[in-house]
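Notes for the one structure printed next.
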Amino acid sequence: MEVRLLAFKTILCLVVLTDLKGAQGYLWPKQDTYTTRWDKVNVDDILDSKRLLQYYFNCLMSRGPCPPDGQELRRVLPEALNTACAKCTKSQIEGSVKVIRYLREFEPKKFENLADKYDPQGIYRRRYLEPPPDNNTA
């Protein structure tokens, strides 16, 4: 009985090792990404709470106290806008899209204030929010 168990374990190890031979091991987040420390923050909870939304808005506008995740966002936001979020993780992109859509639809004044602060020339608004030009000349 012990011999069968040992044989099974050996075969299992060989299968696993053979399967991993071409893999790179555990898949860590990309090296050039922003910190994933706050990726699990529930954006919906913030958007559903007027008080929390105002707190984060004041943080981003440099008008009040700022939690660590807000400080990090305020620090990386200019670069993320400039690079089309090249260093963002999937969940950071999804959260950003959700927040932008919410602000544009339900809090347009807050959106405009943030856009004026982080995009005073309107470069990113033209790049990300305006529809592409119609190249059909027919």
Practice task
Give the residues of the range 56-66 that are surrounded by 13 or more Cβ atoms within 10 Å (Cβ to Cβ) and in contact (Cβ under 8 Å) with a residue 12 or more places away in the chain, sorted by residue number.
Solution key: TYR56, PHE57, CYS59, LEU60, MET61
Fill in the blank from the handout: Scanning the range 67-86 residue by residue, those outside any helix (DSSP H, G or I) and surrounded by fewer than 16 Cβ atoms within 10 Å (Cβ to Cβ) turn out to be PRO67, THR83, ALA84, ALA86
Fill in the blank from the handout: Note on the range 73-103: residues of a type in the set (Gly, Ala, Ser) and at negative phi are ALA80, ALA86, SER91, GLY95, SER96
Practice task
Output the residue which, of all residues in the range 91-114 that are within 16 Å of the chain's Cα centre (by Cα) and under 12 Å from ILE46 (Cβ atoms), is least open to solvent (accessible area, probe 1.4 Å).
Solution key: GLY95
Handout entry: Residue within the range 117-134 that is open to solvent by 40 Å² or more (accessible area, probe 1.4 Å) and within 22 Å of ILE46 (Cα to Cα) present
Key = yes
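The values are calculated or read from the model by the stated rules, or taken from the named source; none is laboratory data. Since the model is a prediction, treat every value here as computed from it, not as a measurement. A quick note on method: Cβ atoms are made from the backbone with ideal geometry, for glycine too, and the neighbour counts reach across all protein chains shown. Quick note on the areas: whole protein, heavy atoms, side chains included, nothing else; ligands and nucleic acids left out. Shrake-Rupley method; radii C 1.70, N 1.55, O 1.52, S 1.80 Å.
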